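S.K.: Right, I'll just put the structure down here and ask away after.
None of the figures in this text is laboratory data; all of them are computed from the coordinates on show. Not measured: the values here are computed from a predicted model. Don't worry about glycine lacking a Cβ; one is built from the backbone with ideal geometry, like all the others, and counts go over all protein chains shown.
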Amino acid sequence: EAGVAQSPRYKIIEKRQSVAFWCNPISGHATLYWYQQILGQGPKLLIQFQNNGVVDDSQLPKDRFSAERLKGVDSTLKIQPAKLEDSAVYLCASSPRDVRTGELFFGEGSRLTVL
Amino acid sequence: KNEVEQSPQNLTAQEGEFITINCSYSVGISALHWLQQHPGGGIVSLFMLSSGKKKHGRLIATINIQEKHSSLHITASHPRDSAVYICAVSSGSRLTFGEGTQLTVNP
């Protein structure tokens, strides 16, 4: 079974530039999550999709971050414009159901460095 | 105070030692997840539990719902167990993570 795929693995940009990350969850998984993990901290939820609908985006900085999950399959996370404090690993995870009953499967993450 | 607290933050052990990592939480939960993160790598789900105890190989996870506490035990630890271990709790549809415990097992 193929795992959660993310790209790019690494990205270096200057502040005020834009960046996009892509995630392809495990086939058939209804729930998709984007997390931000700053070095030394636990992951923080940015957005949760159930199929192609947003379940929770309360912690997404909507002035600069956006995410979409077209057709309920793969997803993109965009940052525009980037700030220094956005330097982090962006993790995508999927689950066949939701976190109350479903196991989580994580991608390898996309490491962003903002200079 | 964080909703999920882990202890210790850092743990160094010798190969073969029995290891315990603790997780306390302050909210009502539907499930608790133990996750493992290797340096530069993704996160792997070890356990998801809502009551009692689960065992997988040398790993054992327990949860006490009344005390809002969970423990992850590693028996006969090995250097390849060196990683960050993260506790996460699901409350409603939201998953809240602890800060993680950095485990280093020396040969």
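S.K.: In 10 Å bins starting at 0, how do the alpha-carbon pair distances of chain B split up by percent?
M.R.: 16, 51, 29, 5, 0
S.K.: Summing +1 for each Lys or Arg and -1 for each Asp or Glu, what net charge is found among the other residues whose Cβ lies under 11 Å from the Cβ of A:A82?
M.R.: +3
S.K.: Among B:P107, A:W34, B:I60, whose Cα sits farthest toward the positive end of the charge dipole of the protein assembly as shown (+1 at Cβ of Lys/Arg, -1 at Cβ of Asp/Glu, about the Cα centre)?
M.R.: A:W34
S.K.: Express the relative contact order of segment B:9-67 as a whole percentage, based on alpha carbon pairs under 8 Å and six or more residues apart in sequence.
M.R.: Relative contact order of segment B:9-67: 20 percent.
S.K.: With respect to the cross-link table entries A:K44/B:K55; A:K11/A:K62; A:K44/A:K83; A:K44/A:K71; A:K11/A:K71; A:K44/B:K53, which display a Cα-Cα separation exceeding 19 Å?
M.R.: Flagged as over cut-off: A:K44/B:K55; A:K11/A:K62; A:K44/A:K71; A:K11/A:K71; A:K44/B:K53.
S.K.: Still on this structure, please answer the following. Pairs of alpha-carbon atoms within less than 8 angstrom and 6+ residues apart define the contacts here; what relative contact order does chain B have, in percent?
M.R.: 38
S.K.: Averaged over A:45-56, how many beta carbons belonging to a partner chain fall within 10 Å of each residue's beta carbon?
M.R.: 1
S.K.: I've got another one for you. Across the residues of B:94-105, average count of Cβ atoms on other protein chains within 10 Å?
M.R.: Partner-chain Cβ atoms within 10 Å, mean over residues of B:94-105: 4.
S.K.: For segment A:12-60, divide the Cα radius of gyration by the Kirkwood radius and give the resulting Rg/Rh value with two decimals.
M.R.: That ratio equals 1.02.
S.K.: Just how large is the dipole of the protein assembly as shown about the Cα centre, in debye to the nearest 20, putting +1 at every Lys and Arg Cβ and -1 at every Asp and Glu Cβ?
M.R.: 280
S.K.: Semi-axes of the equivalent ellipsoid of the protein assembly as shown: what are they in whole Å, largest first, if each equals the square root of 5 times a C-alpha gyration tensor eigenvalue?
M.R.: Sorted largest first and rounded, they come to 29, 20, 16 Å.
S.K.: Report the normalised scattering of chain A as log10 I(q)/I(0) at q = 0.11, 0.13, 0.19 Å⁻¹, calculated by the Debye formula with identical scatterers on the alpha carbons.
M.R.: The Debye formula, applied to the Cα set alone, gives -0.31, -0.44, -0.94.
S.K.: Can you check what the net charge comes to around A:C23, using other residues whose Cβ is under 10 Å from the Cβ of A:C23 (Lys, Arg +1; Asp, Glu -1)?
M.R.: Here the count lands on 0.
S.K.: Using the per-residue mean of other Cβ atoms lying within 10 Å as a proxy for protection, in what order, highest first, do the peptides B:11-20, B:44-53, B:92-101 fall?
M.R.: B:92-101, B:44-53, B:11-20
S.K.: In whole Å, how far is the Cα centre of segment A:38-115 from that of segment A:14-31?
M.R.: Distance between centres, Cα-based: 7 Å.
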